[in-house]
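The values are calculated or read from the model by the stated rules, or taken from the named source; none is laboratory data. Predicted model, so just to flag it, every value in this text is computed and none were measured. So basically every Cβ, Gly included, is an ideal-geometry build from the backbone, and we count neighbours across all protein chains shown. Note: accessible area is taken over every heavy atom of the protein model, side chains too, but ligands, DNA and RNA are not part of it. Shrake-Rupley method; radii C 1.70, N 1.55, O 1.52, S 1.80 Å.
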Amino acid sequence: MKKTLLAAVILACSAPVHAGWQLGADYLDVELDSGISNVSDISLGAIAIHAGYQFNINDAFSITPYIKYGVGISDDNTKLDSYYYDVYGNATYTTYNIKTELDRYFELGGKIQYQFSNGIYLFGNVTSTNFELSLEGYSSDDTQTGVGAGMGYQFKNNFALELGYLNYSDADVFAGGIRYNF
């Protein structure tokens with residue numbers, strides 16, 4: 001057992017591993033489930049900065065732990081229609097306008113990537129993301145685990161363009177961004 005463990009450690013340490021920092025910026029389209037049957041989903045826009053450290057396992061595969069921090073740049077105004085009846089049976093119709101803002105988006109994740117020789121790459125990721133929302137003066141803070149996938153194109157000059165999708169229990173996030181590897 002000890003000899004097998006020692007051989008595995010020596011083999012792992014002798015394998016060539018390259019690493020490098022990755023910085024970037026993203027636009028995020030955050031679609032939140034309102035949780036109310038007669039209210040549409042909430043759509044918010046955000047910009048975010050991204051920092052990660054890419055470990056190249058071989059010429060094709062890499063693993064990148066990363067963090068992403070963003071702030072909202074577009075809010076959502078949702079209308080909630082409500083009917084109620086008074087004690088005499090008279091119906092009253094009221095429409096409420098509810099403004100939702102994304103105050104903060106913080107994502108901690110890991111990405112596994114497969115790089116094709118023509119510059120195109122595919123990736124999958126797992127994240128833990130904290131959404132901080134303001135809803136008509138009330139604040140909500142929610143952390144969810146998500147899984148996602150995407151693709152990108154790596155240019156020869158260390159720049160890359162990326163498109164991705166993340167799925168959470170109460171949200172979907174579509175992202176487009178630029179990366180710089182050094």
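Let's see how each residue does on (1) at pLDDT 85 or above; (2) in contact with a Lys or Arg (Cβ under 8 Å, 6 or more places away or on another chain); (3) of a type in the set (V, I, T):
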| site | (1), (2), (3) |
| --- | --- |
| I73 | yes, no, yes |
| D76 | yes, yes, no |
| S82 | no, no, no |
| G89 | no, no, no |
| T95 | no, yes, yes |
| K99 | yes, no, no |
| L102 | yes, no, no |
| F106 | yes, yes, no |
| G110 | yes, no, no |
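Considering the stretch 18-42, and only residues there that are of a type in the set (S, T, Y) and either open to solvent by 40 Å² or more (accessible area, probe 1.4 Å) or more than 16 Å from D172 (Cα to Cα) (or both), the residue that is modelled with the highest pLDDT turns out to be Y27.
Pairing each residue of the stretch 75-97 that is surrounded by 10 or more Cβ atoms within 10 Å (Cβ to Cβ) with any residue that is among the aromatic types (F, W, Y), provided the two are 6+ apart or on different chains, yields C-beta distances under 9 Å for T78/Y96; K79/Y96; L80/Y96; D81/Y93; D81/Y96; S82/Y93; S82/Y96. Output yes when any residue across the stretch 140-159 is in contact with a strand residue (DSSP E or B) (Cβ under 9 Å, 6 or more places away or on another chain), surrounded by 15 or more Cβ atoms within 10 Å (Cβ to Cβ) and touching a residue at least 60 places away in the same chain (Cβ under 8 Å), and no when none is. Scanning the stretch 140-159, I find no residue that is in contact with a strand residue (DSSP E or B) (Cβ under 9 Å, 6 or more places away or on another chain), surrounded by 15 or more Cβ atoms within 10 Å (Cβ to Cβ) and touching a residue at least 60 places away in the same chain (Cβ under 8 Å), so the answer is no.
For the stretch 165-174, the count of residues that are more than 18 Å from F55 (Cα to Cα), open to solvent by less than 40 Å² (accessible area, probe 1.4 Å), in a strand (DSSP E or B) and at pLDDT 95 or above is nonzero.
Residues in the stretch 112-144 that are outside any strand (DSSP E or B), small (G, A, S) and either modelled with pLDDT of 90 or more or closer than 20 Å to A160 by Cβ (or both): S117, G119. Being at pLDDT 95 or above, crowded, with 16+ Cβ neighbours inside 10 Å and in contact with a strand residue (DSSP E or B) (Cβ under 7 Å, 6 or more places away or on another chain) is a property that does not hold for G45.
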